[in-house]
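No lab work stands behind these numbers, since they all come straight from the coordinates. What you are looking at is a predicted structure, and each value in this text was computed from that prediction instead of being measured. Ideal geometry is used to build each Cβ from the backbone, glycine not excepted, and the neighbour counts take in all protein chains shown.
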Amino acid sequence: MASLPVDSRSFDHVVRPRNICLAGQRGSLCAVVLLLSAVAWAAEPPAAGLPRTWPQAYVVQRDEASGILSLRTAYYTVEQDLKRGGAVARITLTHGKAANLLVRPLETRVQDESGAVLTDLADPAPAVTHRREGLNEIVTVDCTLKDPAGRASGLRVKTTLEYRWGYVKIRKELLVPRGVRLREVCPLSTVLAPSLSRYGYREGITEEENDPPFSFGSNRWGMLRLDHSADRGLSTRYVPRSMIFADPGVEGLEWFVGSDLSQWELQLSGRRGGGQCSLDRHQNPPGLALSVSPLRSADKAVSPPGTCVFEFYLAFPILEGRARRPWLHTAFNRNRGDWVSTEEIRRWAEKGIQTVHCHNDGDCFNDGLFWRDGSYPPYPDMDRYDKVLMDCRRIGIRTATYFSNKELHPSTKEFQQHGQQWGRKNRKGELQHNFSSPNHEYGAQMCLHSGWLDFLKFSIDRVLKNHPLDGVYYDWNVALLCSNPLHEGNHDGAAPAKGHWDIDELLELMEWTRRRVGPSGLVIIHNTTTPMYATENFADYVVATEWGYQRWTDRAPDLQDLPLEWSLAGAVPRGVISYGLLDAGAPRRLHRLFAIEAFLGGVTPWPASEETFALLPLLKPLGEIGNYRFADWRNEAVTLSHARCAAAVYSRPQDAYLLLANLDPSPHEVTCVLHPEKLPYPLARPTSAARLTAGGASAVGRVPGDASRLDLRQMVGEGLKTVIPGDGAVVIQVR
Ligand SMILES: [Zn+2]
């Protein structure tokens, strides 16, 4: 990373995280190295009332008899197997479904010149240490690679696992004796739970492989179900930068490589495309076999460097195990000086708007008065901006303001001084300027793996300090490939870049942001086509589906054809951008169906549409939604007999609410069967069922007093016939 230029130090002192004192947070860097025995380090339990976005301490336990080192939070448990190379052998989400997201441990293996496979799992007694740094746990493992018969080779692997909040940063050092030649180096091989069948990967290709310069590198999406022979896995010579897996709406797992891409692309053989990443079916035990090899050849061996370093991450969604109320959000801007009025803000509150943000990164009114990325102050009338924020605060609406994590406007002094140095560049050394139209520029793309990160923090801090905001809205919340050689410790830039992206720094920015806004602050991120558990874990809300997917024309797609990022793993309240999928002239019925499909997935149209507000009364009888668990349209508790009808479930110990919807324009009489034992909170002896509302989605839901009783015995038996209105939804309460 480029060193900070001298003239940037004016902002250096303010970019350090503020000290926010909270029960449960330790002072930083109390690095205590502990020799391990059968000991549990019971960190204090999570402080009550802290949100899932706020990092909390681990409880670490080492059991010599079973050989398990376990690292646990309220939301997830990771176990390392001390009798099998210290490998990560179990990942379980407290509010997830699978007992273990890994069917086989995360193995490190190599294949030598003769074809013999050497693995860390064959080492029964690795040296393992553990220490705590602040809230993070650092585990080191030193082990010998052995063949399956247990014979040692001269190769060793030293692994450092840094357990942070919702993710683990893993650094592997492969130590290879002089003269040893290898055909394969595989720092990551495992078998995933078969339920993680939806996946996406961001390719590891560059301009050299004809990827366009400044490619966004969106995920390529796939599905690999063991019992669907048409599903395809993945096989590529170029190690992807990331792979995300999901049991949609339920849970997930992802891995991604660190910022230094040369480790995965050039380190071993000096040429690109000599690796192998594959995802395929695994029969025994059943699962999804994943292996990531930066070097693999069927016949040719290479002499690798004596020490090969690989850095990568594992992350999982932090699931709370409770339903969320729909996220009702809107945005404002300067609007030619016609700022949002106090009355309008009162109307927002009356409709239920919870959050707003100022979004004004382009010159949409042709008056030159917009928020040029990185500039400050953006407007001559900042007092009016403050008034909007204060009006929102008074009435209970939380506020954020827009930042682009990647763009800096050329009009800023910082661009003029550092743009070339901080910029994301292509192989020719050019910058990329983003325009909304030929004369309207948003800014030039920057790379966080540079001094841009510190300036961006400074710029965000400057705004948060000076205005009554609850937090931030981050656009371009994505790591991207960059070929600026200055970002690789290559200070004169004489040699071409070896390749990096800025994922380490994106994660650092997310952690800094959460600390900066505090546990009750507001963090909204936008990551269309590149969702990530690791970053979303620090966000209150995620905005998705702005572009990159099939547009809706005359009908709403079947639910299984919606993008994976529609609800991803169901961990974070999401706003799905309707204008990204619906044309401006789309009929209103498609907007209604968009809202219905959003509700069936536990997400909300973004910004909140009139059709969203029309649907809300359906959920009103539920009361406090956080008291329920939600299961989306894929649940097995309710089955409907028509392919274009679907049901989502809100479940409490004493009752359940079933949201039944029809995606066709004409009414359908469906047979509805309830399996009460399959509800998130199973109902042992349900006694009654009632339909709470009838009519189309635009109808106002009726309160329970209007309920019409249904035959529960039929519903849990052969099925109850009921009519769902066209383009509509109804709610059934069961208790
Ligand atoms: Zn860069």
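Packing-wise, with mean Cβ within 10 Å as the measure, how do 722-728, 535-541 rank, highest first?
Result, highest mean first: 535-541, 722-728.
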Inset, instruction - Just rank S450, S195, S153, fewest to most, by other beta-carbon atoms within 10 angstrom. - result: S153, S195, S450
Legend entry - Estimated [θ] at 222 nm from DSSP helical runs (n ≥ 4, -39500 (n - 2.57)) normalised by residues in the chain, nearest 500: -4000 deg cm²/dmol
Legend entry - Additional length obtainable on full extension of the chain from A584 to D711, 0.36 nm per residue less Cα span: 41.4 nm
Legend entry - Partners for K172 among lysines (Cα-Cα distance below 27 Å; same-chain residues under 8 apart left out): K83, K146, K158, K300, K498
Inset, instruction - Just need log10 I(q)/I(0) for the chain at q = 0.05, 0.06, 0.10 Å⁻¹, Debye formula, equal scatterers on the alpha-carbon atoms, no solvent, rounded to two decimals. - result: -0.26, -0.38, -1.08
Legend entry - For the chain: relative contact order, % (alpha-carbon pairs under 8 angstrom, 6 or more apart): 10
Legend entry - Kirkwood hydrodynamic radius (C-alpha pairs) into Stokes-Einstein, segment 114-260, 10 °C and 1.306 mPa s, D in µm²/s: 87
Inset, instruction - May I ask you to sort I244, I345 by Cβ crowding, counting other Cβ atoms within 10 Å and putting the fewest first? - result: I345, I244
Legend entry - Inter-label distance for R384 and Q550, nm, one decimal - labels placed 7 Å from Cα along Cα-to-Cβ: 4.5
Inset, instruction - Above 24 angstrom, tally the Cα pairs of segment 466-581 and express them as a % of all pairs, no decimals. - result: 42
Legend entry - Measure of compaction for segment 239-382 (Cα Rg per 2.2 N^0.38 Å): 1.74
Legend entry - Taking K678, K146 and counting other C-beta atoms within 10 Å, the order from fewest to most: K678, K146
Legend entry - Cα-based reach from K620 at 21 Å (exclusive), listing lysines while leaving out same-chain residues under 8 positions away: K351
Inset, instruction - Provide the three semi-axes, in whole Å and in decreasing order, of the ellipsoid equivalent to segment 371-501 as defined by the square roots of 5 times the Cα gyration tensor eigenvalues. - result: 32, 15, 12
Legend entry - Relative contact order (%) - criterion: Cα under 8 Å, at least six apart; region: segment 350-463: 27
